[in-house]
Amino acid sequence: MFSRSSSPRAFSHAAGLYLLSVLLGSTLLLGCGGGGTADQSSTASVCDSDDGGLSLPNGFCATVVADSLGPTRHLTVADNGDVYAAVQEVTDGGGIVALRDTDGDYKADRTEYFGDTGGTGIALHNGYLYFGPPASVRRYEKDGNELVPSGDEERIVELPKQNSHAAKPIAFDGNGNLYVNVGAPSNACMEESRTKGSPGQDPCPLLEEHGGIWQYSATETGQTHTPDARYVTGIRNAVAITWNDAQDNLYVVQHGRDQLHSFFPDLYTQEESAELPAEEFFKADEGDNFGWPYCYYDWMQEKKVLMPEYGGDGNEIGRCKQFEDPIQAFPGHWGPNDVLFYDNSQFPEKYQAGAFIAWHGSWNRAPLPQEGYKVTFTPFDGTEPSGDYEVFADGFTGVDTLESPANAEHRPTGLAVGPDGGLFVADDGAGTIWRIAYVGNDN
């Protein structure tokens with residue numbers, strides 16, 4: 001289940017392709033801007049000699065597009081290759097950073113910050129740049145080839161202010177709808193928050209305005225948060241959400257609850273608490289309920305079980321049989337922070353229509369070593385996974401064994417596909433963005 005991809009470097013092959021393209025007079029495809037002047041039929045790539053420190057499958061290589069940008073979260077790429085990233089904290093006077101490559105080397109040589117607050121969600125949609133600060137969704141009209149949008153900021157919807165799980169990732173369908181995560185500001189809806197042995201509130205009042213995905217109009221301004229707009233419920237917090245256009249369906253990956261051993265040491269060992277509950281990958285249909293805070297998914301037992309706050313013992317199913325199961329489950333506390341379905345043909349066929357997930361890591365595995373901090377790939381056949389996940393990109397932490405998130409060099413947070421099919425990855429540890437491309441096998 002825990003297959004790990006091989007990681008030889010592809011730089012020599014990439015360099016050879018680049019030289020060949022020059023000799024043949026072909027134009028390299030721009031990966032980060034350039035005003036859309038490049039020939040976008042080319043797939044030749046020039047990558048860093050060390051792949052930006054990443055470990056990748058054979059035939060892939062990586063370029064550091066930019067670094068030291070601030071805590072970059074989600075990102076999006078325009079048709080001309082310009083890259084936009086949400087920055088969690090205002091950096092250099094802005095909460096959004098815009099990047100452009102003007103000479104075709106895939107490295108940003110123009111960097112602009114704008115916006116008055118930080119955030120997580122960001123997306124280009126129908127001529128607008130949408131942005132998700134902690135308590136709203138906003139947008140800026142973007143004309144033509146401009147790097148920084150010149151349009152005034154518009155407020156699409158105001159959302160609850162909260163002290164935890166406040167990230168507002170966003171997604172769009174093809175019917176004019178916006179989807180936004182409103183995480184539950186809670187671990188398990190305890191009567192006394194994060195207190196040993198405290199029972200859960202039943203029913204959990206937080207589910208009225210939190211703990212799910214909400215659907216709003218993508219174009220109407222001045223909307224306010226309402227329970228009537230809830231699309232799915234029973235999700236603790238989903239920083240990773242996406243609309244799969246090919247299947248016309250919403251998909252989310254949930255952050256599971258914390259501290260099973262701390263609050264219920266008679267039921268869970270530290271080792272069990274580090275691995276449980278699963279991080280759950282959901283196919284989300286309107287009206288679905290995924291069970292938080294009453295239940296969690298145990299990936300080792302392959303079943304949804306009752307939370308200890310609601311009388312569970314780690315085995316009892318109880319009311320959990322009524323809730324939706326995940327389509328795939330991952331070990332606990334990997335920290336899923338973005339998901340996308342690959343919709344380009346630049347990568348080999350096995351990756352097409354499959355799902356990439358960026359794993360941010362979590363503090364809750366302590367005192368055991370950390371896990372996550374990578375990008376995985378899950379193959380799909382239609383609406384469901386067709387096989388186990390595998391590690392696609394690794395090496396983000398900079399160390400072999402990580403004891404604390406604070407010691408990680410990078411923490412993957414955002415994913416986007418460029419117009420040429422390159423996969424962009426952002427991290428909010430060092431503020432780095434990479435572009436990963438397929439250049440063919442060396443052998």
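Rule-based calculations on the coordinates, nothing more; no lab input. From a predicted model like this one, the values you see are computed outputs, not experimental measurements. Heads up, the Cβs are rebuilt from the backbone with ideal geometry, glycines too, and the neighbour counts pull from every protein chain shown.
Please work out which residue is surrounded by the most Cβ atoms within 10 Å (Cβ to Cβ), limiting yourself to the stretch 267-300 and to residues that are assigned to a loop (DSSP other than H, G, I, E, B) and in contact with a Lys or Arg (Cβ under 8 Å, 6 or more places away or on another chain).
Of the residues in the stretch 267-300, the ones assigned to a loop (DSSP other than H, G, I, E, B) are 267-269, 276-278, 285-288, 290-294, 299-300.
Checking which are in contact with a Lys or Arg (Cβ under 8 Å, 6 or more places away or on another chain) leaves us with 277, 291-294.
On the way: Pro277: 26, Gly291: 26, Trp292: 29, Pro293: 25, Tyr294: 26.
Residue satisfying both the conditions and the ranking: Trp292.
Picking from Gly361, Gly414, Gly387, which residue would you name as being in contact (Cβ under 8 Å) with a residue 24 or more places away in the chain and in a loop (DSSP other than H, G, I, E, B)?
Gly361
Tell me whether the stretch 410-429 contains one or more residues that are among the acidic types (Asp, Glu), under 19 Å from Leu56 (Cβ atoms) and surrounded by fewer than 16 Cβ atoms within 10 Å (Cβ to Cβ).
no
Can Phe131 be described as on the phi < 0 side of the Ramachandran plot, of a type in the set (Phe, Trp, Tyr) and surrounded by fewer than 21 Cβ atoms within 10 Å (Cβ to Cβ)?
no
Out of Thr219, Thr195, Thr242, Thr224, report the one residue that is polar (S, T, N, Q) and buried (at least 20 other Cβ atoms within 10 Å of the Cβ).
Thr242
List the pairs whose first member sits in the stretch 173-195 and is within 17 Å of Val239 (Cα to Cα) and touching a residue at least 40 places away in the same chain (Cβ under 8 Å), whose second member is part of a loop (DSSP other than H, G, I, E, B) and among the charged types (D, E, K, R), and whose Cβ atoms are under 6 Å apart, counting only residues at least 6 apart or on separate chains?
Filtered contacts from the stretch 173-195: Val180/Lys168; Ala184/Arg236; Asn187/Arg194; Asn187/Arg257; Asn187/Asp258.
Please go through the stretch 192-233 and pick out each residue that is within 12 Å of Pro293 (Cα to Cα) and touching a strand residue (DSSP E or B) at 6+ places or on another chain (Cβ under 9 Å).
Looking only at the stretch 192-233, we keep the residues that are within 12 Å of Pro293 (Cα to Cα), and these are 199-207, 210-212, 233.
Scanning the stretch 192-233 gives Pro199, Gly200, Gln201, Leu207, His210, Gly211, Gly212, Thr233.
Considering Gly372, Gly398, Gly354, Gly361, which residue is small (Gly, Ala, Ser), in contact with a Lys or Arg (Cβ under 6 Å, 6 or more places away or on another chain) and more than 30 Å from Pro203 (Cα to Cα)?
After ruling out the rest, the residue left standing is Gly361.
Determine whether Thr397 is β-branched (Val, Ile, Thr), in a strand (DSSP E or B) and under 20 Å from His74 (Cα atoms).
So Thr397 fails the test.
Which residue out of Arg138, Arg110, Arg155 is surrounded by fewer than 19 Cβ atoms within 10 Å (Cβ to Cβ), farther than 15 Å from Asn80 by Cα, of a type outside the set (Asp, Glu) and in contact (Cβ under 8 Å) with a residue 12 or more places away in the chain? Let's see the steps before the verdict.
Numbers: Arg138 fails: surrounded by fewer than 19 Cβ atoms within 10 Å (Cβ to Cβ); Arg110 fails: farther than 15 Å from Asn80 by Cα.
On inspection, the qualifying residue turns out to be Arg155.
Does Gly382 satisfy being touching a Gly at 6+ places or on another chain (Cβ under 7 Å), surrounded by fewer than 23 Cβ atoms within 10 Å (Cβ to Cβ), on the phi > 0 side of the Ramachandran plot and not hydroxyl-bearing (Ser, Thr, Tyr)?
no
How about the stretch 92-106: which of its residues are surrounded by fewer than 21 Cβ atoms within 10 Å (Cβ to Cβ) and in contact (Cβ under 8 Å) with a residue 60 or more places away in the chain?
First, pick out the residues of the stretch 92-106 that are surrounded by fewer than 21 Cβ atoms within 10 Å (Cβ to Cβ): 92-94, 102-105.
Matches in the stretch 92-106: Thr102, Asp103, Gly104.
Determine whether the stretch 325-335 contains at least one residue that is within 16 Å of the chain's Cα centre (by Cα) and under 25 Å from Cys47 (Cβ atoms).
no
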